[in-house]
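Read the structure below first, then the notes.
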Amino acid sequence: MRSLNTDAVVLRSRDFQDTHRIVTFITRDHGKITTMARHARHSKKRFANCLEPCSVVKITFTPKANKTLWHLDHGILCKDPTPVRSNIDIFTTHCLICEIMDLMCPLAEPIPGLYELIEDSFNQLTKNDPLLVEHFIVFLTRFLGIMGYAPQLSHCFKCHTPLSSHAIWFFSPDNGSIVCPLCSHKIYSKLNRVCAGTIKTLIAIRQLRLSRAFALKWTLEIKIQAIEMLIDFLVQRLTIKPRSLSMFYDLLKTTS
Ligand SMILES: [Zn+2]
């Protein structure tokens, strides 16, 4: 097969045998791909500084008949990684985004909007004084929507009461849906208490242009409720906790 070029972000990278590396990317044109970078640990010329997680790169690769492991020809670093790597909180947020994408995206299936979302999210997170938790909430809300896992936020999933009927609601991570206060007494799995304002903010994030969503103003209450319900829902979907999550919890404690 012939070689192809694409923009990409490194999601994961690990050594293989003595000299090679296996590198997983999210790409602009081909979805998530996993590649073998042969002799990468000795070839600084073909892969100069561009195989580390969270790096924004341009790559040339050769697909194979199977989807699982393609051949990485070379890569070029496109964006100075210093702003990300010199700040532990920014790096942690980048790592969590990469890990979630790696865990949830299928191999070699282009999904419209996915690459643009990680590109825009990374740009947002490296601006001056980024709102890391708020911007992560925007990323995660849009990502779940793109992947077809958007939580149901318009009405109680048991009695169909609309959102406008109550000021206080509950969210069921198990069901991925909001529950009204009356029906909450009939649910025996974990529920997150959330105000209607939090739910409306998450609905707005889905509907607004991404730049407007990143510019939203947040109260501390809405931020905390939104991040808790989204992370509980994500972990429920994934059935495992992303490894970067514990460091992100530390970041949450310092920003709230
Ligand atoms: Zn109900």
Top-ranked residue in segment 48-84 [being within 19 Å of residue 95 (Cβ to Cβ), among the β-branched types (Val, Ile, Thr) and touching a residue at least 12 places away in the same chain (Cβ under 8 Å); ranked as surrounded by the fewest Cβ atoms within 10 Å (Cβ to Cβ)]: 56
So how many residues does segment 137-155 have that are more than 9 Å from the ligand (Cβ to nearest atom), in contact with a helix residue (DSSP H, G or I) (Cβ under 9 Å, 6 or more places away or on another chain), not polar (S, T, N, Q) and not in a helix (DSSP H, G or I)? 5
Regarding residue 2, is this residue surrounded by fewer than 19 Cβ atoms within 10 Å (Cβ to Cβ) and part of a loop (DSSP other than H, G, I, E, B)? yes
Could you tell me whether any residue of segment 123-132 is touching a residue at least 12 places away in the same chain (Cβ under 8 Å) and within 13 Å of the chain's Cα centre (by Cα)? yes
Could you check, for segment 172-193, whether at least one of its residues is in contact with an Asp or Glu (Cβ under 8 Å, 6 or more places away or on another chain), hydroxyl-bearing (Ser, Thr, Tyr) and farther than 25 Å from residue 106 by Cβ? yes
Selection status of residue 102, over 27 Å from residue 120 (Cβ atoms) and either part of a strand (DSSP E or B) or assigned by TED's automatic domain parsing to the domain that holds residue 138 (or both): no
Candidate set: segment 156-166, residues that are assigned to a helix (DSSP H, G or I) and not hydrophobic (A, V, I, L, M, F, W, C); chosen: the one nearest to the ligand (Cβ to nearest atom): 165
Are any residues in segment 167-183 within 14 Å of the ligand (Cβ to nearest atom), closer than 24 Å to residue 207 by Cα and surrounded by fewer than 17 Cβ atoms within 10 Å (Cβ to Cβ), and if so, which ones? 168
Looking only at residues in segment 200-213 that are in contact (Cβ under 8 Å) with a residue 12 or more places away in the chain and either basic (Lys, Arg) or within 14 Å of the ligand (Cβ to nearest atom) (or both), which one is farthest from residue 225 (Cα to Cα)? 206
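The values are calculated or read from the model by the stated rules, or taken from the named source; none is laboratory data. Remember, predicted model here, so these are calculated numbers, not experimental data. Neighbour counts run over all protein chains shown; Cβ positions are idealised from the backbone, glycine included.
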